[in-house]
Amino acid sequence: MKHFFLFILLFGVCLTNAQQKILQGNFKNLKGITSYMVTFDYSGMRVEGFDSEEDYLNEKMEKRVHKEGEAEKFKLDWYADRSAKYEPKFIEYLNKRFENGKITFGKDIQAKHTLHVKTTWIYPGYNVVAGTEPAKISAIITIMETDNPTQILLQVEFSKSIGLEVGTFDFDQGDRIAKAYEKLAKNMAMQLKRVL
């Protein structure tokens, strides 16, 4: 029985590590940092099943042209959800994981270090009568000196972070994707806690 629990523990660690790949630096370089300015970048992002983000938007808008205003609303929401949903969920989750104030995160704070999230791939998921699928994202998180961005302490790639489940019906695409950003934050927080 003891070996079984050890196997489960090691298997879980392997799964966690399989989702991340350190590209530069080390998590140990972050020890002692107490605040981060958080920035986001979506340029060049791929959407699952499409050659480009533009192709994805064109197809989704074309499906909505028969309803007045729906196509344009979809496109506006796609971009607005970034600052309205994804980014706040990411930052909020990190701050909750460090509620004791050991580390703080924010878009509009002055900090010596910047945590930069570059989304590279996104799968919006779906929720229809036939079934549901959570959203997933891949991103590269780079931690650098704010005044000297070439001074990189850590660059890590997180692959296919699956949206957190909360037991509700996620008919809104933006809400589904926001949960994937929460999972990305959870993955990052787990690693940060190891070096505190």
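In terms of the mean number of neighbouring beta-carbon atoms within 10 Å, the peptides 114-124, 67-77 order highest first as 114-124, 67-77. For the chain, the solvent-accessible area with a 1.4 angstrom probe is 58 square angstrom per residue.
Looking at this model, which pairs from K21/K193; K21/K179; K75/K107; K67/K107; K28/K179 are more than 29 angstrom apart at the alpha-carbon?
Details: K21/K193 17 Å; K21/K179 21 Å; K75/K107 24 Å; K67/K107 36 Å; K28/K179 27 Å.
Beyond 29 Å: K67/K107.
Evaluating 6.51 cos²θ - 1.76 cosθ + 1.60 at θ = phi - 60° for every residue in the range 52-61, the Karplus couplings come out as 8, 4, 5, 4, 4, 4, 4, 5, 5, 6 Hz, glycine and proline recorded as x. Report the paramagnetic label zone for R194: residues of the range 26-51 whose backbone N is under 15 Å from a point 7 Å from Cα along the Cα-to-Cβ axis. In the range 26-51, the label zone of R194 (backbone N under 15 Å from the point 7 Å along Cα→Cβ) covers 26-31.
Rank these by accessible area, largest first, 1.4 Å probe: R97, R194. Can you show the working numbers first?
On the way: R97 75, R194 140 Å².
Highest to lowest solvent-accessible surface, that is R194, R97.
Under 5 Å from the amide H of Q24 lie the amide H atoms of Q155, each residue being 5 or more positions distant or on a separate chain, with H modelled from the backbone and absent for Pro and chain starts. Our summary gives the chain a relative contact order of 28 percent, counting only alpha carbon pairs under 8 angstrom and 6 or more residues apart. Per-atom-type breakdown for the chain gives carbon and sulfur 54% of the accessible area (1.4 Å probe, protein chains only). Once the Cβ-Cβ distance of T132 and K112 is raised to the sixth power relative to R0 = 45 Å, the FRET efficiency obtained is 0.60.
Beta bridges per DSSP, both residues in the chain: antiparallel share near 70 percent.
Defining a contact as two alpha carbons under 8 Å apart and six or more residues distant in sequence, what relative contact order in percent does the range 99-156 show? It would help to have the intermediate numbers written out before the result.
Numbers: 80 pairs, mean separation 17.6, N = 58.
Across the range 99-156, relative contact order equals 30 percent.
Here is the size of the chain from its Cα atoms: Rg then Dmax, 18.3, 62 Å. Projecting the Cα atoms of Y42, M61, A180 onto the charge dipole of the chain, computed from C-beta unit charges around the Cα centre, puts A180 farthest toward the positive end.
Counting only other residues whose beta carbon sits under 14 Å from that of K102, what net charge do I get with K and R as +1, D and E as -1? Numbers along the way, then the final one.
On the way: positive: K31, K96, R97, K193, R194; negative: E99.
Spelling it out: positives minus negatives among the neighbours equals +4.
The values are calculated or read from the model by the stated rules, or taken from the named source; none is laboratory data. Note that this is a predicted model, so its numbers are computed, not measured. Glycine also receives a Cβ, built like all others from the backbone with ideal geometry; neighbour counts cover every protein chain displayed. Heads up: the accessible areas ignore ligands, DNA and RNA and are worked out on the full protein's heavy atoms, side chains in. Shrake-Rupley method; radii C 1.70, N 1.55, O 1.52, S 1.80 Å.
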